[in-house]
Amino acid sequence: MPSLLQRVSVQGFASLREITLHPGHMSVLIGPNGSGKSNLLRVLKLLPLLRTQSLQRFVGEAGGASGLLHYGPRRTPVLTLEAEFTDGAQRFVYHVELAHAAGDRLLYTNEELRYQAAEDQEELAFSLGGGHWESALREYSPGDPLASFVARQMNRLIGGMSFFHVHDTSMSSALRAHARAVDDRYLRSDGSNLASYLCALKASEQAEEQIAWRRINALVSRIAPVVKELCPVRVSDTSVRLDWLDDRDEVFGVHQLSDGTLRAIALLTALAQPTSRLPAFISIDEPELGLHPAAIRLLIEQARAVATHTQVLFATQSETVLDYFEPEEVVVVEREQGYTALKTFTPEALEGWLEDYTLSEVFDKGLLGGQP
């Protein structure tokens, strides 16, 4: 894997008073309702949105900046985010400070890039300034070649972060609607362009994309044997719908897929897509929703299969999901005195317990924390 997200540090975001997450190739967050898992996922979603100059849209959709700051702007006037990446020996850091401003908005008071060519080299800092409403990262074009290089790399690294929240599978959801034919470059976080994305893979003449198309179909058939093959169809020059062939060669529409099957198709597509299309970092919220235990196992197995090419982070409320992870891959999320705290473990710390119990049983006994 050429690059890794090594660290995300947050100060002052909702329940995240001050936390640092160190994701690995595979990670899983677990904790009760209200512990702060969703807030941590929102930060992972926010970082790539900053790059695309979508901060004010994010703030507006959240109901204003006051609801994003830890106990409001009186207690927390400034929100700080920092993401650290490594690419070989090189280290890249993106640092932003966002202050509460008039109109219940957030204003950049500091945006900065840091770069270290190697561990024994000096860390260099490049300021993108302050006083702007949207990130200056994409438009940053200094005369210094090194600063330009660091900015290009940071755009690539942050742009490689993707978030999948495929919860709405209702009959009126975008996941079941016709997709725009031209919207097929990447799979959207809500799966709304699933039909057009699959259609592009099916029609592609590239060997890698044909292999991925067959792989996705094979995985879907293992989860839902009734689905013999997915059949995305162009209904016009502008739209695509997702049909499917059953085990008796009858064609059905996407509205005749169960919620769990449709959700599994979207998540498997995200994880089994061609390597060249894979985001560098994927976070998936509550993969267990609506899925049979065998489907959950297959989904996590596929995630582990691609973990050499991309980092995968799951957030779950299902303790049984833990049995597919190693102790060092688990992050327990708890709420302590009004703020979120993260707990991690080493195999040595649980060695005695894991000789007799599964990881889910250890969690159920309350030995890892994270209980309601």
Looking across segment 329-360 at residues that are among the charged types (D, E, K, R) and either touching a residue at least 12 places away in the same chain (Cβ under 8 Å) or not assigned by TED's automatic domain parsing to the domain that holds Gly72 (or both), the single one that is surrounded by the most Cβ atoms within 10 Å (Cβ to Cβ) is Glu329
Scanning segment 48-92 for residues that are in contact with a Gly (Cβ under 7 Å, 6 or more places away or on another chain) and hydrophobic (A, V, I, L, M, F, W, C), the one farthest from Gln153 (Cα to Cα) turns out to be Leu69
- [ ] Evaluate segment 139-158: report whether one residue or more is of a type in the set (A, V, I, L, M, F, W, C), closer than 25 Å to Glu286 by Cβ and surrounded by 20 or more Cβ atoms within 10 Å (Cβ to Cβ).
- [x] yes
By residue number, the members of segment 307-328 that are closer than 17 Å to Glu361 by Cβ and of a type in the set (D, E, K, R) are Glu319, Asp323, Glu326
Exercise. Quick check: anything in segment 71-94 of a type in the set (Ser, Thr, Tyr), closer than 17 Å to Leu21 by Cβ and touching a helix residue (DSSP H, G or I) at 6+ places or on another chain (Cβ under 9 Å)?
Worked result: yes
| Is it the case that segment 261-280 has a residue that's in contact with an Asp or Glu (Cβ under 8 Å, 6 or more places away or on another chain), at pLDDT 95 or above, outside the structural domain of Arg42 (by TED's automatic domain parsing) and not charged (D, E, K, R)? | yes
Of (1) at positive phi; (2) at pLDDT 95 or above; (3) assigned to a loop (DSSP other than H, G, I, E, B), Gly12 satisfies every one except (3)
_Residue match in segment 20-29 (condition: part of a helix (DSSP H, G or I) and either crowded, with 20+ Cβ neighbours inside 10 Å or over 12 Å from the mean Cα position of the chain (by Cα) (or both))_ = no
- Report yes if Leu230 is in contact (Cβ under 8 Å) with a residue 40 or more places away in the chain and either of a type outside the set (Gly, Ala, Ser) or farther than 23 Å from Arg180 by Cβ (or both), otherwise no. no
Residues of segment 276-305 being in contact with a strand residue (DSSP E or B) (Cβ under 7 Å, 6 or more places away or on another chain) and aliphatic (A, V, I, L, M), in sequence order, are Ala280, Ile282, Ile284, Ala303
Of the residues in segment 175-197, those that are without any contact (Cβ under 8 Å) to a residue 12 or more places away in the chain and closer than 17 Å to Asp259 by Cα number 0
For segment 201-225, the count of residues that are closer than 24 Å to Ile284 by Cβ and either surrounded by fewer than 20 Cβ atoms within 10 Å (Cβ to Cβ) or of a type outside the set (Gly, Ala, Ser) (or both) equals 17
Filtering segment 79-131 for residues that are part of a loop (DSSP other than H, G, I, E, B) and more than 23 Å from the chain's Cα centre (by Cα) leaves a count of 13
Apart from one, (1) under 29 Å from the mean Cα position of the chain (by Cα); (2) under 21 Å from Asp184 (Cα atoms); (3) among the aliphatic types (A, V, I, L, M) all hold for Val227; the odd one out is (2)
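Yes or no, residue by residue, for (1) buried (at least 23 other Cβ atoms within 10 Å of the Cβ); (2) of a type in the set (Val, Ile, Thr):
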{"residue": "Gln273", "(1), (2)": "yes, no"}
{"residue": "Leu278", "(1), (2)": "no, no"}
{"residue": "Ser283", "(1), (2)": "yes, no"}
{"residue": "Leu289", "(1), (2)": "no, no"}
{"residue": "Ala303", "(1), (2)": "yes, no"}
{"residue": "Val306", "(1), (2)": "no, yes"}
{"residue": "His309", "(1), (2)": "no, no"}
{"residue": "Phe314", "(1), (2)": "yes, no"}
{"residue": "Val321", "(1), (2)": "yes, yes"}
Restricted to segment 230-251 and to residues being surrounded by fewer than 16 Cβ atoms within 10 Å (Cβ to Cβ) and within 22 Å of Ala294 (Cβ to Cβ), the residue farthest from the chain's Cα centre (by Cα) is Asp247
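The values are calculated or read from the model by the stated rules, or taken from the named source; none is laboratory data. Just so you know, these numbers come straight off a predicted model, no measurement behind them. Cβ sites come from the backbone with ideal geometry, for glycine too, and all protein chains shown count toward neighbours.
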